[in-house]
């Protein structure tokens, strides 16, 4: 266990950079009482201690108004979310940010984790690590692990697989054995040995418990072994026992590895309080207490209040927020680190560390991008596992293709070469198009679920958004080809379409392109839709509009000019024309309408095509357009997702 979290080279340089030898806070030795946790590991090698200092952190946002005349004439008001928040978080300790809803707890964590844009930061704000100024959010992201309130995990991966994939993405400099060793050690430390092969699960798929899922989320961010760990309400939604286990786990992590842990918490129980060293209490964005629970009790007693027996000091402080804020603001401000250290020492320390810091920045800028093929390969394996284990996607799509093909084939069985057969073929093609394009809607909830995981992982540099899109495409290409083949075989031969092998192969190819286009469209709309209901409505509206202007219901000549663009962008038009040409081009001389044997033929295959405005063999041109739609919607999706990743705060 001592070597489980041996830091890689860059982390070693960072540790050496931010080490302050005169900061050695005492470590708590409170043991864990949770039976779920494995025995305490052997003593870890000495690691550098970290002190995070925040001074005068202020945050304002523009208020949102309705589009009214006063709003247009007046500048939007700015709302103060945080007001001159200052604190110091020491190594080997847990600091809890406490306060009522809307007090700024989550905003504070987002700021110190580097997940807020620079232009919203007060210029007077100072953030430092071991008295070294942090000048950009990217630096904080490198040294801070951030566990969001929501557990953004893939439910159909096991606990071990989830941590292993995180290790593969984040620990690229390690060998496979080292990654497996890191994950095994982390599973023991998290107390997840008994569920390591269980699915993570969610509210729809049964898996591990909520407390265990929270520990998995913590483990994902502990893979790179960050010196500072930030958690946004890690006990939210957990029962008292699970919440206690999570806090015990964090306490062990803080003391055994000298980590600095900062978390927000809402109404902690009495048993949880003993594991927390310091409390930062916020009210309307302002600090009303910064210190231990004992100092809070002393402040309350000095103000002349008596804490009721049924409440602890933290709970009672919520009832006297205004008085505490007045008392806190009246105290003499604590000296900053520039004032605490001697100028001569500060100058020498800055000279010794500045060069190392600049070298680290240059190294980060000069590091070559990770091998793209490795990212894509890892994502492909994870995609395939997700598809294979998603019964509603894998099994349902397979059965849908087979049953749909057999059903349509049985309805249009052995279509004849007459006028009725012409109408039946056109109806078959139009319904098949509608069936195939709408059959990909069930993938929408899968995409929406993966989007949250993508936002989290890509924003933290685990992989590039383009790698995600490429892997998604690679995995779905063969899967959707099989779906297209399962649909085409029964419907084509039961109906009795053109029996030539080339015509059948082209029919299968077009079916494949149709489901690929539909998959790209759903993927794109899932990127712009906030939830399943709005996404489903948007997909239905778009497909309905495409079908209306496909040329099947309204001929091209009748479509109003201002709607003519819909005819050209319709996903239905090009495969429908391709199927018609594929069916009749090789039988242009075959008679499909005549009064009797030996009589004059009234309609040949060539006449059918000309009646639809298809005088040339446009099959491969239509294929090019369909492939263009497939690529176009995926590129749009990539652009939108990349934009969202750059702005995410997960």
Hey, residue 213 hits all of (1) within 26 Å of residue 89 (Cα to Cα); (2) out of contact with any helix residue (DSSP H, G or I) (no Cβ under 8 Å at 6 or more places or on another chain) but one; which does it fall short on?
(1)
Could we say that residue 478 is free of Cβ contacts under 8 Å to residues at least 40 places away in the same chain, within 30 Å of residue 114 (Cβ to Cβ) and surrounded by fewer than 16 Cβ atoms within 10 Å (Cβ to Cβ) here?
no
Which condition number does residue 614 fail, the rest of (1) out of contact with any strand residue (DSSP E or B) (no Cβ under 8 Å at 6 or more places or on another chain); (2) outside any helix (DSSP H, G or I); (3) surrounded by fewer than 15 Cβ atoms within 10 Å (Cβ to Cβ) being met?
(3)
Residue that is nearest to residue 589 (Cα to Cα), among those in segment 401-419 that are surrounded by 15 or more Cβ atoms within 10 Å (Cβ to Cβ) and modelled with pLDDT under 90
417
Some residue of segment 631-638 being at negative phi and over 42 Å from the mean Cα position of the chain (by Cα):
no
Could you check residue 606 against (1) in contact with a helix residue (DSSP H, G or I) (Cβ under 8 Å, 6 or more places away or on another chain); (2) part of a helix (DSSP H, G or I); (3) assigned by TED's automatic domain parsing to the domain that holds residue 522; (4) under 29 Å from residue 477 (Cα atoms) and say which number it fails?
(4)
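Any residue at all in segment 374-386 that's at pLDDT below 80, under 36 Å from the mean Cα position of the chain (by Cα) and not in a loop (DSSP other than H, G, I, E, B)?
Initially, segment 374-386 is screened for residues at pLDDT below 80, giving none.
For segment 374-386, residues at pLDDT below 80, under 36 Å from the mean Cα position of the chain (by Cα) and not in a loop (DSSP other than H, G, I, E, B): absent.
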Among the residues of segment 233-241, is any within 29 Å of the chain's Cα centre (by Cα) and under 12 Å from residue 93 (Cα atoms)?
no
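Which of the residues belonging to segment 259-274 are over 17 Å from residue 215 (Cα atoms) and either at pLDDT 90 or above or more than 30 Å from the chain's Cα centre (by Cα) (or both)?
Of the residues in segment 259-274, the ones over 17 Å from residue 215 (Cα atoms) are 260, 266-271, 273-274.
Selection gives 260, 269, 270, 271, 273, 274.
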Could you please find all residues in segment 94-113 being in contact with a strand residue (DSSP E or B) (Cβ under 7 Å, 6 or more places away or on another chain) and under 14 Å from residue 230 (Cβ atoms)?
94, 95, 96, 97, 105, 106, 107, 108, 109, 111, 112, 113
Any residue in segment 568-589 that is assigned to a loop (DSSP other than H, G, I, E, B) and under 19 Å from residue 496 (Cα atoms)?
yes
Kindly indicate the residue of segment 388-397 that is under 18 Å from residue 438 (Cβ atoms) and loosely packed, with under 15 Cβ neighbours inside 10 Å and also modelled with the highest pLDDT among those meeting that condition.
396
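Yes/no per residue for (1) at pLDDT below 85; (2) within 22 Å of residue 259 (Cβ to Cβ):
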{"residue": "106", "(1), (2)": "no, yes"}
{"residue": "109", "(1), (2)": "no, yes"}
{"residue": "115", "(1), (2)": "yes, yes"}
{"residue": "119", "(1), (2)": "yes, no"}
{"residue": "131", "(1), (2)": "yes, yes"}
{"residue": "147", "(1), (2)": "no, yes"}
{"residue": "150", "(1), (2)": "no, no"}
{"residue": "155", "(1), (2)": "no, no"}
{"residue": "161", "(1), (2)": "no, no"}
Take the conditions touching a residue at least 12 places away in the same chain (Cβ under 8 Å), surrounded by 21 or more Cβ atoms within 10 Å (Cβ to Cβ) and outside the structural domain of residue 632 (by TED's automatic domain parsing) and apply them to residue 526. Does it pass?
no
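Look at residue 570 and say whether it is within 19 Å of the chain's Cα centre (by Cα) and crowded, with 16+ Cβ neighbours inside 10 Å. Break it down into steps so the answer makes sense when it comes.
On the way: within 19 Å of the chain's Cα centre (by Cα): no; crowded, with 16+ Cβ neighbours inside 10 Å: yes.
No: the conditions fail for residue 570.
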Condition first: over 30 Å from residue 453 (Cβ atoms), assigned to a helix (DSSP H, G or I) and either free of Cβ contacts under 8 Å to residues at least 60 places away in the same chain or more than 35 Å from the chain's Cα centre (by Cα) (or both). Now tell me which residues in segment 617-630 satisfy that.
619, 620, 621, 622, 624, 625
What are the residues in segment 553-582 that are in contact with a helix residue (DSSP H, G or I) (Cβ under 6 Å, 6 or more places away or on another chain), touching a residue at least 60 places away in the same chain (Cβ under 8 Å) and over 25 Å from residue 525 (Cα atoms), if any?
578, 579, 582
Among the residues that make up segment 291-310, is at least one of them within 35 Å of the chain's Cα centre (by Cα) and closer than 14 Å to residue 95 by Cα?
no
Matching entry among 593, 646 (being over 45 Å from the mean Cα position of the chain (by Cα) and touching a residue at least 24 places away in the same chain (Cβ under 8 Å))
593
Failed condition for residue 196, given (1) buried (at least 21 other Cβ atoms within 10 Å of the Cβ); (2) touching a helix residue (DSSP H, G or I) at 6+ places or on another chain (Cβ under 7 Å); (3) modelled with pLDDT of 90 or more, with all others met?
(1)
With the structure loaded, tell me whether residue 444 is modelled with pLDDT under 90 and either under 13 Å from the mean Cα position of the chain (by Cα) or outside the structural domain of residue 203 (by TED's automatic domain parsing) (or both) or whether it fails that test.
yes
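State which residue is surrounded by the most Cβ atoms within 10 Å (Cβ to Cβ) when the search covers only segment 147-182 and only residues that are without any contact (Cβ under 8 Å) to a residue 24 or more places away in the chain and in a helix (DSSP H, G or I). Can you show your working first?
Going through segment 147-182, the residues without any contact (Cβ under 8 Å) to a residue 24 or more places away in the chain turn out to be 164, 175-180.
Then drop every residue that is not in a helix (DSSP H, G or I), which leaves 164, 176-180.
Values: 164: 22, 176: 10, 177: 8, 178: 15, 179: 19, 180: 14.
Across segment 147-182, the extreme among qualifying residues is 164.
Name every residue in segment 420-432 that is surrounded by fewer than 16 Cβ atoms within 10 Å (Cβ to Cβ) and within 39 Å of the chain's Cα centre (by Cα), in order of residue number.
First, the residues of segment 420-432 that are surrounded by fewer than 16 Cβ atoms within 10 Å (Cβ to Cβ): 420, 423, 427, 431.
Of everything in segment 420-432, just one residue is surrounded by fewer than 16 Cβ atoms within 10 Å (Cβ to Cβ) and within 39 Å of the chain's Cα centre (by Cα), namely 431.
Scan segment 120-137 and give yes if some residue there is assigned by TED's automatic domain parsing to the domain that holds residue 185, assigned to a loop (DSSP other than H, G, I, E, B) and within 19 Å of the chain's Cα centre (by Cα), otherwise no. Full working, then the answer.
Our first condition is that a residue be assigned by TED's automatic domain parsing to the domain that holds residue 185; within segment 120-137, this holds for 120-137.
Among the residues that remain, those that are also assigned to a loop (DSSP other than H, G, I, E, B) are: 122-125, 130-131, 134-136.
Those left that are additionally within 19 Å of the chain's Cα centre (by Cα): none.
No, there is no match, as no residue in segment 120-137 is assigned by TED's automatic domain parsing to the domain that holds residue 185, assigned to a loop (DSSP other than H, G, I, E, B) and within 19 Å of the chain's Cα centre (by Cα).
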List every residue pair whose Cβ atoms lie under 8 Å apart, where the two residues are 6 or more positions apart in sequence or sit on different chains, the first residue falls within segment 81-92 and is on the phi > 0 side of the Ramachandran plot, and the second residue, located anywhere, is assigned to a loop (DSSP other than H, G, I, E, B).
92/25; 92/26; 92/27; 92/28; 92/49; 92/258; 92/259
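The values are calculated or read from the model by the stated rules, or taken from the named source; none is laboratory data. Because the structure is a prediction, the values reported are computed rather than measured. We place every Cβ from the backbone using ideal geometry, glycine too, and count neighbours over all the protein chains shown.
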